[in-house]
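One structure is given below, encoded as structure tokens.
The values are calculated or read from the model by the stated rules, or taken from the named source; none is laboratory data. What you are looking at is a predicted structure, and each value in this text was computed from that prediction instead of being measured. Neighbour counts are summed over all protein chains in view; Cβ atoms, including those assigned to glycine, are modelled from backbone coordinates with ideal geometry. Side chains are part of the model used for accessible areas, which takes the heavy atoms of the whole protein and leaves out ligands, DNA and RNA. Shrake-Rupley method; radii C 1.70, N 1.55, O 1.52, S 1.80 Å.
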Amino acid sequence: MNIAGREVEWFPELDSTMLEARRDLRPGRVIVADRQTAGMGRHGRVWLSPAGEGLYVSIVLGVPPAPVLSLALGLAAVAAIGAGDLRWPNDVLLGGRKVAGVLAQSEQNRVIAGIGINVLQREFPDGLDTPATSLAMEGIETTREALLERLIEAVDRCVALPSEEIVRRFTAASSMVSGRRVTADGIVGVTCGLDASGFLRVRDDNGTERTILAGGVRPV
Ligand code: BTN
């Protein structure tokens, strides 16, 4: 199938689009599955991937790994959806609920950009780490194909930006990067921006500025 000028490999079922990408790391590959039996989230979590309800895609990027890329992919997801608040490093929230997630993995000096967007779900299981929502639940009507077209274009655009522009745009698109009391990587404090590499800065309760290198943030 050709979408946004790219040959898209669209499978009815895969273990994970990330694993399929790893099998052949040709830059430019776009892999989609209707359903994933082993959908992977960040930090070893599971990404629920019911058939036909979400967009589950991995794109092999033609750029070398860099921490700021993961932010660029969050920006691309927001652009494709047309709305959303970014929670560092790259969760997309609508009304405080997670609608999309990004998993960026480096493999043989290539980056596999994994993006999952909840599109048509009408309910989610209880007990998720972060409450979830879908585009349909938020009144945003689209198809997975139309969303994928916008996403491919946005990924190409966002990963090509200079890193200072990615950091600037992420800061503008996130309500959590500055002045929010959060817990992150075991530190509790107030967010005070991103550094030049896109890492989050948090001022802890002793007034010391700390850099958060991994994990995610939760408002407290
Ligand atoms: C997260 O927020 O934890 C990241 C979720 C990433 C999910 C996507 S769905 C497409 C790709 N294939 C996977 O197995 N995971 C990513």
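Counted as qualifying within region 1-91 are the strands (runs of 3 or more DSSP E) with 2 or more residues that are more than 12 Å from GLY116 (Cβ to Cβ), over 13 Å from the mean Cα position of the chain (by Cα) and not basic (Lys, Arg), namely 6-11, 30-33, 54-61. Residues in region 40-64 that are open to solvent by less than 50 Å² (accessible area, probe 1.4 Å) and either without any contact (Cβ under 8 Å) to a residue 24 or more places away in the chain or away from the ligand (no atom under 13 Å from the Cβ) (or both): GLY52, LEU61, VAL63.
Kindly indicate whether ALA33 is within 14 Å of the ligand (Cβ to nearest atom), open to solvent by 10 Å² or more (accessible area, probe 1.4 Å) and touching a helix residue (DSSP H, G or I) at 6+ places or on another chain (Cβ under 9 Å).
no
Here's the yes/no breakdown for (1) open to solvent by less than 50 Å² (accessible area, probe 1.4 Å); (2) assigned by TED's automatic domain parsing to the domain that holds LYS98; (3) at pLDDT 95 or above:
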{"residue": "ALA132", "(1), (2), (3)": "yes, yes, yes"}
{"residue": "ARG150", "(1), (2), (3)": "no, yes, yes"}
{"residue": "LEU161", "(1), (2), (3)": "yes, yes, yes"}
{"residue": "ARG168", "(1), (2), (3)": "no, yes, yes"}
{"residue": "VAL202", "(1), (2), (3)": "yes, no, yes"}
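Of the residues ASP126, ASP156, ASP85, the single one that is modelled with pLDDT of 95 or more and farther than 24 Å from ASP185 by Cα is ASP156. Looking across region 17-30, the residues that are in contact (Cβ under 8 Å) with a residue 40 or more places away in the chain and either open to solvent by less than 60 Å² (accessible area, probe 1.4 Å) or within 10 Å of the ligand (Cβ to nearest atom) (or both) come down to THR17, MET18, ALA21, LEU25, VAL30. Scanning region 103-133 for residues that are closer than 24 Å to VAL220 by Cα and of a type in the set (S, T, N, Q) returns THR130, THR133.
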